[in-house]
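Contents: one structure, followed by commentary.
Laboratory data are not the source of any read-out in this text; all were calculated from the coordinates shown. From a predicted model like this one, the values you see are computed outputs, not experimental measurements. No Cβ is skipped: glycine too gets one built from the backbone with ideal geometry, and neighbour counts run over all protein chains shown.
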Amino acid sequence: MMDMKRFSVNRIVSSSLGLADFYDLTASLGLGKVELRNDLGAIDPIDGMKPALARRIADDSGIRVISINALQKFNLASARTKVLRDLAALIELAVGIACPAIVLCPNNEADDGRDALRRSGETAEALASIGPAFEKAGLMGYVEPLGFSVSSLASLVLAQEAIVASGFSCYRIVHDSFHHYIGPDDSAVLGKGYDLSHTGLVHVSGVEADIPAPAMRDAHRVLVGPADRMRNKEQIALLERLGYSGDYSFEPFSDKVTKLGKADLAAALAQSLSYLRS
């Protein structure tokens, strides 16, 4: 049975919960790690608090923040000025709350006119350009391939290649079970074309809707249970066999989860946690 200490909760599970309540929810499950987000509408990652206060609340709750999600469009050269400005703010926050990593999401827009070669080149160039900022702050950058057809970086293998080309060791990759399932990589690449040592975090969510993979969207992502069509348990078992020993984080986007009351959400998370650990 997997160690409870390896599981965390992404704040997407309930944007309506205040930060302290979110920490309390996580602690009530016997977990001690969370991911914060900067894309929850008017709520900033720490609800407008001073970083010192947010850090104290986390410490008092026995919670450690493992990442802030996310720096958007990091690999789009035409957006570099905004990317650098956003990164500076995220680094300042991460340092202030003792968070060790920032998730990096690629451009995911249908109007991205770059060809595959240019996308790959700009991804490596972006990682090279922001690497010194991560190293100076002592932080990690978690590159997250998004498996959607319009994504400019959908493959774990291509993310690995970009990191190697950047020349920086401050990067790891997020293996998102949803994006891996709908994306271009076959599971056969794991441990072969893709080196698991590059994986820094695994996001888990399930899809139960009877729809083809290309039609799956964030709104279909629920907590993982027996009806999961993406075979999360099999994905996790493979990662474990190949030597992955890092963290897993619950990241469901569906209203079926995110609109639950605190008690019902805690029960649903506990049920999913039990299923994944069985």
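Computed from the Kirkwood radius of its Cα pairs, the Stokes-Einstein diffusion coefficient for the range 108-184 at 10 °C and 1.306 mPa s stands at 124 µm²/s. Over the range 4-277, Cα pairs under 8 Å with separation of 6+ residues give a relative contact order of 18 percent. Cross-link partners among lysines for Lys136, C-alpha distance below 30 Å, same-chain residues fewer than 8 apart left out? List returned: Lys5, Lys33, Lys50, Lys73, Lys82. Restricting to the chain, compute how many DSSP beta bridges are antiparallel as a %, nearest 5. Counting DSSP beta bridges with both partners in the chain, the antiparallel share is about 5 percent.
Computed from point charges on the beta carbon alone (+1 for Lys and Arg, -1 for Asp and Glu), the dipole magnitude for the chain about its Cα centre is near 360 Debye. The peptide list 23-29, 38-44, put in order of mean Cβ contacts within 10 Å with the highest first, becomes 23-29, 38-44. Annotation: peptides 259-268, 149-158, ranked by per-residue average of other Cβ atoms within 10 Å with the highest first, follow the order 149-158, 259-268.
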